[in-house]
Structure formats: structure tokens, C-alpha cells
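The values are calculated or read from the model by the stated rules, or taken from the named source; none is laboratory data. Every value quoted in this text rests on a predicted model; they were computed, and no experiment measured them. Backbone-built Cβ (ideal geometry, glycine too); neighbour counts: all protein chains shown. Surface areas here come from the heavy atoms of the whole protein model, side chains and all, with no ligands, DNA or RNA. Shrake-Rupley method; radii C 1.70, N 1.55, O 1.52, S 1.80 Å.
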Amino acid sequence: MSLLLLDLDDTVLDRSAVVRRWARRFFGAEISPPDLGRLLDMDAGAKIEHDEMARQLKERYPVASSVDDVSVALGEALRGGLEIDATVWTSLTTARERGWSTVIVTNGAVDTQERKIRASGLDRVVDAWVVSEAAGVWKPDPVIFQEAAERAGQPLTRGWMVGDNPHSDIAGACNAGIPSVWLHHGRTWPAELDFAPTGTAGHCAEAIMAIVGERPASGTG
Ligand SMILES: [Mg+2]
């Protein structure tokens with residue numbers, strides 16, 4: 001195996017954990033899923049957007065800080081969410097040193113996803129990326145995995161997929177006929193699904209090292 005396919009959001013880049021932690025600390029409350037989704041879609045450098053979002057958040061969550069203070073803190077959290085975990089960086093570097101090609105396969109808008117890839121520095125540590133909007137095909141369609149393999153110049157049959165979403169990442173890997181590691185993030189695998197990952201892991205770096213170290217990840221149970 002020599003082709004490592006990786007989902008972006010909540011896999012290589014765990015922005016939702018960073019932003020959720022910030023919101024909990026700042027507002028003393030769990031942030032609602034729609035608010036979290038909107039925060040994750042925001043540009044970490046767009047001050048005007050941050051001011052407007054800060055106004056809205058202040059209306060919805062109990063906080064004494066001024067709109068300005070919320071806005072500044074929000075910008076810091078969003079930029080923090082673009083930093084790659086050091087262990088993930090090391091595992092990606094190790095994978096390449098061991099001869100693996102690394103390709104991000106992500107569903108989403110080209111602008112948003114490429115901005116995250118470049119802002120986080122991921123563009124320096126992966127060989128390529130495929131964004132669904134540009135490819136015109138979305139996970140779990142196996143065609144997007146084929147496209148990723150072609151960009152890496154590797155046969156798809158030598159691939160592994162790592163991702164957190166059962167319906168796009170793991171279903172996609174099954175459709176493409178390649179093994180996968182599911183990042184469970186504390187969840188149990190949905191029993192109603194008639195497919196399953198090859199292995200599970202609690203963290204992206206753990207998944208990558210299990211694959212490139214050619215040790216199997218822990219079973220699904
Ligand atoms: Mg994901």
C-alpha cells in the first residue's frame with residue numbers, strides 16, 4: 001500500500017474541536033450545531049465577518065465582553081483552528097518518508113477548502129488534493145477517489161482512506177474497494193449501516209501511523 005487518502009475537516013484539520021472548545025470557554029455554554037457550522041465556514045482573516053458574527057453570538061450566548069472583544073477572540077479561535085496538530089504533521093511527514101503519497105480528498109467549495117489547506121500549511125506536507133466542487137464529484141462516489149489516485153500517480157488499489165464521516169469517507173472507501181480507518185471522535189459505529197471501516201482510531205495521527213507503520217488499526221469491535 002502506498003497511497004494515503006485523507007479527509008480534511010475533522011480529520012487532518014480538527015477545526016470543530018478547537019472552535020467548540022473556544023466557544024465553551026468563552027460563552028460558558030455549548031454552541032448550537034448551526035452556529036458551529038457557520039463558524040467553521042468563516043474565513044479566519046475576515047474581520048468584518050467576525051464583527052457581524054460576534055454581534056449575533058453575543059445575542060445568543062451569555063457573555064459580558066464587548067462585540068469587539070468577542071470579534072477579536074473569535075478571529076484568534078478561527079486562526080487556531082487552522083493549525084495542524086504537531087502529531088498529525090509528524091505522521092504525514094513520516095508517511096512521505098516511507099514512500100507513501102498523501103492526498104486530501106474533501107467535499108466542499110474550492111475557495112473554502114483550498115484556503116484551509118494553504119492557511120494551515122497542509123499544502124507543504126501533502127502531495128495533492130481533490131476538492132469535490134472542482135472535481136465535479138463528491139464522496140462517497142468512487143470517482144473522486146480514482147481522481148485522487150491519478151493526481152498522486154498511484155493505482156487506487158494501493159490506497160487507504162482515513163476519515164471521520166461514515167457516509168462520505170467510509171462508504172466512499174467501500175465503494176472504491178479500498179480499506180479505511182474511521183476516526184470515531186468518541187462515537188460508536190452506526191449499527192444500522194451495512195458496511196464498516198477496516199479499522200478505527202481516536203486521532204488522525206494514530207490512524208496514519210497505524211497504516212504507514214503497516215500495523216493494523218484496532219478493529220471495529
Ligand atoms: Mg470530515
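At-a-glance table
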item: Lone qualifier among Val137, Val143, Val105 - being modelled with pLDDT of 95 or more and either within 16 Å of the ligand (Cβ to nearest atom) or of a type in the set (Ser, Thr, Tyr) (or both); result: Val105
item: Residue pairs meeting the criteria (Cβ under 6 Å; at least 6 apart or on separate chains; first over 16 Å from Leu13 (Cβ atoms) and part of a helix (DSSP H, G or I), in segment 163-176; second within 10 Å of the ligand (Cβ to nearest atom) and modelled with pLDDT of 95 or more); result: Gly172/Lys139
item: Verdict on Ala210 being under 19 Å from the mean Cα position of the chain (by Cα), away from the ligand (no atom under 16 Å from the Cβ) and crowded, with 17+ Cβ neighbours inside 10 Å; result: yes
item: Within segment 150-207, considering residues that are at pLDDT 95 or above and β-branched (Val, Ile, Thr), the one most open to solvent (accessible area, probe 1.4 Å); result: Thr157
item: Subset of segment 78-94 [open to solvent by less than 20 Å² (accessible area, probe 1.4 Å) and part of a helix (DSSP H, G or I)]; result: Leu78, Val88, Ser91, Leu92
item: Test: residue in segment 113-128 that is of a type in the set (Val, Ile, Thr), modelled with pLDDT of 95 or more and open to solvent by 10 Å² or more (accessible area, probe 1.4 Å); result: no
item: Complete set of residues in segment 1-14 that are buried (at least 19 other Cβ atoms within 10 Å of the Cβ) and near the ligand (Cβ under 10 Å from one of its atoms); result: Leu6, Asp7, Leu8, Asp9, Thr11, Val12, Leu13, Asp14
item: Pair list, Cβ under 7 Å, 6 or more apart: segment 38-61 residue not assigned by TED's automatic domain parsing to the domain that holds Arg115, other residue open to solvent by less than 80 Å² (accessible area, probe 1.4 Å) and among the aromatic types (Phe, Trp, Tyr); result: Tyr61/Phe27
